[in-house]
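Engineer: For reference, the structure I am asking about is given below.
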Amino acid sequence: MAEILITIPEGLSERLDKALALCAPEQAALSRSRLSRLIAEGAVTGPSGPVSDGKARAESGDYVVEIGEPEALDARPEAIPLSIAYEDEDLIVVDKPAGMVVHPAPGSPSGTLVNALLAHCADSLSGIGGAARPGIVHRIDKETSGLLVVAKSDRAHQGLARQFADHSAQRRYLAIAHGMIDPADARLRGLPGLAFEPGGVLLITTLLGRHPTDRQRQAVSFRNGRHAVTRARVVETFGTPPAAMLVECRLETGRTHQIRVHMAHAGLGLVGDPVYGGNRRASARVLGAEAASAVAAFPRQALHAAELGFEHPVSGQTLAFSSPLPPDMAGLLEQLRGATR
């Protein structure tokens, strides 16, 4: 059990949980939500005694916050090999393989990235939100490969979450998609939510929310949902006229399935995407039978988190990481290139 002293000065007219979060020592890494829970648990004592309402107006003076030992996460460590791009006492950057789920869920209780991290760095995890666990601040889909950062301490978790919330973290994805981004394409210019920026960059701006009839899917909306922005740029095309492309996608926001849904909205579904890719087939006449067959047989959405950049939430250092295309996507590209030489 540890005690943290927080002094609220005269004249700070805020609700208690917010005032405590504002005045807490930085090294304590106490978020407003964490403090709200501690207040509700009776772990905070103010100038007039124990407090129980985080929404009440703050009283000036000294507050003592009791922090218990972190609870164990309800997930078991599993010795799963990890490809680690960077690690220190506050965070870890992992190059996740396709097929690995990030967090345990009813359909995937084991074999996840969290299970692997609990085995790899459980001894160095501090309490995040009151539990000894890896801090997941962003996710990539099970069948998407590539880079993601995970917090190992509460202070890192808060700082990273803030960067992903204000969109200052940099994320660059590579995808293999059907079709072609062409600024002269009247079809693309006529679709709602699509616009072109200099350099032929396709800007997709919509709302994203749950599909009205399939709760496992996301859907584009212009009335309900969360703001979502994707920028897509052609890196390489295959076929004449182009029937497939390697495309770079940069995320301004990070919604569930965002790239997959946005590319499908533009009629440029990702190769191998069983949910949003539709029934589109690569043209054997344009690409050749062998390459078209390889596209049809690709077993997952061809999407890779290739670059990740952010400011270290503790040291302030600018960090940037890159990951090469995994063998399955690199092999598909070679087949497409061979067919169009």
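The values are calculated or read from the model by the stated rules, or taken from the named source; none is laboratory data. Fair warning: this is a prediction, and the values are worked out from it, not measured in the lab. No Cβ is skipped: glycine too gets one built from the backbone with ideal geometry, and neighbour counts run over all protein chains shown.
Engineer: Do the conditions hold for residue 208, that is, is it closer than 13 Å to residue 259 by Cα, surrounded by fewer than 16 Cβ atoms within 10 Å (Cβ to Cβ) and aliphatic (A, V, I, L, M)?
Structural biologist: Judged against the criteria, residue 208 is not a match.
Engineer: Please go through region 202-247 and pick out each residue that is among the aliphatic types (A, V, I, L, M) and either farther than 27 Å from residue 336 by Cβ or not in a strand (DSSP E or B) (or both).
Structural biologist: 207, 208, 219, 220, 228, 229, 243 - these are the residues of region 202-247 that are among the aliphatic types (A, V, I, L, M) and either farther than 27 Å from residue 336 by Cβ or not in a strand (DSSP E or B) (or both).
Engineer: Quick one: what pairs do we get from region 7-29, first residue closer than 23 Å to residue 154 by Cα, second β-branched (Val, Ile, Thr) and at pLDDT 85 or above, C-beta under 6 Å, 6+ apart or different chains?
Structural biologist: 19/8; 20/6; 23/6; 23/8; 24/6
Engineer: Follow-up question, since we're still on this one. Could you name every one of the helices (runs of 4 or more DSSP H) located completely within region 107-201 that has at least 3 residues being surrounded by 15 or more Cβ atoms within 10 Å (Cβ to Cβ), touching a Gly at 6+ places or on another chain (Cβ under 9 Å) and not acidic (Asp, Glu)? It would help to see each step written out before you state the result.
Structural biologist: Details: elements: 113-121, 154-165, 186-189.
Filter on region 107-201 gives 154-165.
Engineer: Would it be correct to say that residue 278 is free of Cβ contacts under 8 Å to residues at least 24 places away in the same chain and under 28 Å from residue 168 (Cα atoms)?
Structural biologist: Judged against the criteria, residue 278 is not a match.
Engineer: Which of (1) farther than 22 Å from residue 321 by Cβ; (2) in contact with a Pro (Cβ under 6 Å, 6 or more places away or on another chain); (3) of a type in the set (Ser, Thr, Tyr) is the odd one out, the single condition residue 205 does not satisfy?
Structural biologist: All conditions are met except number (2).
Engineer: If you check 287, 308, which single one turns out to be crowded, with 19+ Cβ neighbours inside 10 Å, in contact with a Phe, Trp or Tyr (Cβ under 7 Å, 6 or more places away or on another chain), of a type in the set (A, V, I, L, M, F, W, C) and closer than 19 Å to residue 141 by Cα?
Structural biologist: Numbers: 287 fails: closer than 19 Å to residue 141 by Cα.
Among 287, 308, only 308 is crowded, with 19+ Cβ neighbours inside 10 Å, in contact with a Phe, Trp or Tyr (Cβ under 7 Å, 6 or more places away or on another chain), of a type in the set (A, V, I, L, M, F, W, C) and closer than 19 Å to residue 141 by Cα.
Engineer: Quick one: how many residues across region 280-299 are among the hydrophobic types (A, V, I, L, M, F, W, C), in contact with a helix residue (DSSP H, G or I) (Cβ under 8 Å, 6 or more places away or on another chain) and under 15 Å from residue 334 (Cα atoms)?
Structural biologist: Looking only at that region, the number is 6.
Engineer: I would also like to ask the following. Looking at (1) part of a strand (DSSP E or B); (2) surrounded by 16 or more Cβ atoms within 10 Å (Cβ to Cβ), which one does residue 254 not meet, given that it meets all the others?
Structural biologist: Result: residue 254 passes all but (1).
Engineer: Do we find that residue 320 is exposed (fewer than 13 other Cβ atoms within 10 Å of the Cβ), over 23 Å from residue 241 (Cα atoms) and aliphatic (A, V, I, L, M) in this structure?
Structural biologist: On the way: exposed (fewer than 13 other Cβ atoms within 10 Å of the Cβ): yes; over 23 Å from residue 241 (Cα atoms): yes; aliphatic (A, V, I, L, M): yes.
Yes; evaluated as a whole, the condition is true for this residue.
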